[in-house]
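Report on one structure; see the data block that follows.
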Amino acid sequence: MAATAIATYMLYKWAKNIPFNYIKQTDYDICQWLNGSFCSRIASIITAVLVYGVYLQITPSVKNALKDPLSQGLDGALIGGGIMILSIIANIVFGFIELKGINYDKLTYYPFIVIIGMLMTGFTEELMFRALPINALRSYLPENILVWLTALFFGYIHSSESIYYGISAFIFGLITGYGFLKYGLYWASALHFSSNTIETLFYSIFKYKVKNSVMAGMRETPDDDGTTTSLIQMVVLFGLKYIGYL
């Protein structure tokens, strides 16, 4: 079962961009949304669902996360949005970032594109980074170990954008991992979606300068985006664990 899960993930990584290779080559406008990644996001969610469906057919005894209760999504979205809003406030109040202005051209249709894109990304990444490995391996390893292992892998994947962002992604993976265990795929996906949406809208709409790359979780991008504060994430994680929510 573990080998099947690994093979399934590798298949996803290889196949996720195939459906839209032609579209990207023709340079349609739709592919330029969200820094040219919109078509990849569409391809990723289609491939993730198809590959996960194949995995369930191969190992039908594994719990199907796609049937988790949708009702948990609102709670996840509120917590994810709260984490990012608190992070942004902390960045501004403590001087980790300095606001410089507003990109008014991003106030038209762009927020709707971000919402659609992050809906796809949140669901895809939670399906592949949480639902697939945790459900596949929970018969072999303790669930706490699985949460930490998947969070480490999630952090490693994002560390390509900076070590600070990788650390933030690791802590984020712990939150969504423990949430997935207790509340299911849609709670984790909604948390991921709302956090990513607010983060992306903030660094797209506002002009700012990162003053403290460690605390702002700066990403090495053309604009050196930095909005996620690992300290806030840790406070939320330990707080939710302390009150028994996670």
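The values are calculated or read from the model by the stated rules, or taken from the named source; none is laboratory data. Worth saying up front: this structure is predicted, and the values here are computed from it rather than measured. All Cβ positions, even for glycine, are placed from backbone atoms using ideal geometry, and neighbour counts span all protein chains on display.
Numbers below:
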read-out	value
Residue that is modelled with the lowest pLDDT, among those in region 118-145 that are crowded, with 17+ Cβ neighbours inside 10 Å and either touching a Pro at 6+ places or on another chain (Cβ under 7 Å) or of a type in the set (S, T, N, Q) (or both)	Asn135
Some residue of region 56-69 being in a helix (DSSP H, G or I) and among the hydroxyl-bearing types (Ser, Thr, Tyr)	no
Selection within region 215-246 - modelled with pLDDT of 80 or more and of a type in the set (Val, Ile, Thr)	Ile232, Val235, Val236, Ile243
Considering residues of region 41-70 that are out of contact with any helix residue (DSSP H, G or I) (no Cβ under 7 Å at 6 or more places or on another chain) and of a type in the set (S, T, N, Q) only, the residue modelled with the highest pLDDT	Gln57
Residues located in region 114-169, provided they are of a type in the set (Phe, Trp, Tyr) and assigned to a helix (DSSP H, G or I)	Phe123, Phe129, Trp148, Phe153, Phe154, Tyr156, Tyr164, Tyr165
Hey, Thr200 part of a helix (DSSP H, G or I), in contact with a Leu (Cβ under 9 Å, 6 or more places away or on another chain) and over 23 Å from Pro133 (Cβ atoms) or not	yes
Identity of the residue in region 203-246, in a loop (DSSP other than H, G, I, E, B) and among the basic types (Lys, Arg), that ends up surrounded by the most Cβ atoms within 10 Å (Cβ to Cβ)	Arg219
Scan of region 91-117 for residues that are under 13 Å from Val210 (Cα atoms), surrounded by 12 or more Cβ atoms within 10 Å (Cβ to Cβ) and aliphatic (A, V, I, L, M), ordered by number	Ile92, Ile97
The listed residue being closer than 21 Å to Val51 by Cα, touching a residue at least 60 places away in the same chain (Cβ under 8 Å) and in contact with a helix residue (DSSP H, G or I) (Cβ under 9 Å, 6 or more places away or on another chain), out of Leu99, Leu137	Leu137
